[in-house]
C-alpha cells in the first residue's frame with residue numbers, strides 16, 4: 001500500500017513538472033522558428049544530412065569488411 005502511494009506521488013510530481021515545462025516553453029519562440037527566420041535552417045538540414053550519409057557509408061563499409069572476414073573464417077549464418 002505504501003509503495004502505491006509513493007508511486008502515485010512521484011507520478012503526480014513528474015506530470016505537474018512536465019505541464020509547467022510545456023507552459024513555459026509556449027512563451028518563447030522555438031529554435032526551429034529562429035533558424036528558419038535567419039535562413040540557417042538549410043545549414044542545419046545539410047549538416048544533419050551529411051552526418052547521416054556519413055554514418056550510412058561507414059556502416060556499409062564495416063558490414064562489407066565483416067562479411068569478408070566471415071567468408072575467410074568459414075562462418076556460415
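Summarising the label geometry, the points placed 7 Å from Cα in the beta-carbon direction at residue 64 and residue 35 lie 3.1 nm from one another. With a simple spin-label model that places each label point 7 Å from the Cα along the Cα-to-Cβ direction, the separation between residue 46 and residue 12 comes to 5.3 nm.
Throughout, read-outs are computed from the coordinates displayed, never taken from laboratory work. As the structure is a computational prediction, the values presented were derived from the model and not from experiment. A quick note on method: Cβ atoms are made from the backbone with ideal geometry, for glycine too, and the neighbour counts reach across all protein chains shown.
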